[in-house]
1. Scan region 56-78 for residues that are in contact with a strand residue (DSSP E or B) (Cβ under 8 Å, 6 or more places away or on another chain), part of a loop (DSSP other than H, G, I, E, B) and among the polar types (S, T, N, Q) and jot them down.
2. Hey, Val103 hits all of (1) over 23 Å from Ala17 (Cβ atoms); (2) at pLDDT 85 or above; (3) not in a loop (DSSP other than H, G, I, E, B) but one; which does it fall short on?
3. Do you know which residues across region 49-73 are in contact with a Gly (Cβ under 8 Å, 6 or more places away or on another chain) and of a type outside the set (Ser, Thr, Tyr)?
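The values are calculated or read from the model by the stated rules, or taken from the named source; none is laboratory data. Just so it is clear, the structure is predicted and the values come from calculations on it, not from any experiment. Neighbour counts are summed over all protein chains in view; Cβ atoms, including those assigned to glycine, are modelled from backbone coordinates with ideal geometry.
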Amino acid sequence: MVQLDFSKLDGLVTAVAQDWKTGEVLMVAYMNAESWELTRKTGIMHYWSRSRKALWKKGESSGNVQEVKELRIDCDADCVLARVRQIGDAACHTGYRSCFHRVIEEGGGERVDGVLVFDPAKVYGVSTERADARGASAERPKPYGEKK
């Protein structure tokens, strides 16, 4: 049986979710031993929410579930690569397909390279800014092509 090394990050390992067909990185999160076991048993990605300090079944609130197609671990057994089928078009809690929709430009600015799939206010009952991990006071990036 595969043993992950949960000793390095206070009982957590890093988990990268990747689209199994395209290779697109969808998100990075954390897993504890319980979420790892649930993921393996159910075939649906489960994570550990560091902010809520709770187990989290991906898609439980949004319906954007991640079905496991393949699980890989790195050479140190402290990082998981989950190749998934994204059910629902968004992996990111801010409504984008990928959490990596923010492009840092050469001058230090940023732009959005992605399509907003859903409105977090409608799904979670909070504003887009509150759903964003950066907090309510952060300025939202402008869609690609819009002037700042």
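1. Listed by number, the list holds a single entry, Asn64.
2. In the conditions (1) over 23 Å from Ala17 (Cβ atoms); (2) at pLDDT 85 or above; (3) not in a loop (DSSP other than H, G, I, E, B), Val103 misses (1) alone.
3. Going residue by residue through region 49-73, those that are in contact with a Gly (Cβ under 8 Å, 6 or more places away or on another chain) are 59, 62-68.
Gly59, Gly63, Asn64, Val65, Gln66, Glu67, Val68 - these are the residues of region 49-73 that are in contact with a Gly (Cβ under 8 Å, 6 or more places away or on another chain) and of a type outside the set (Ser, Thr, Tyr).
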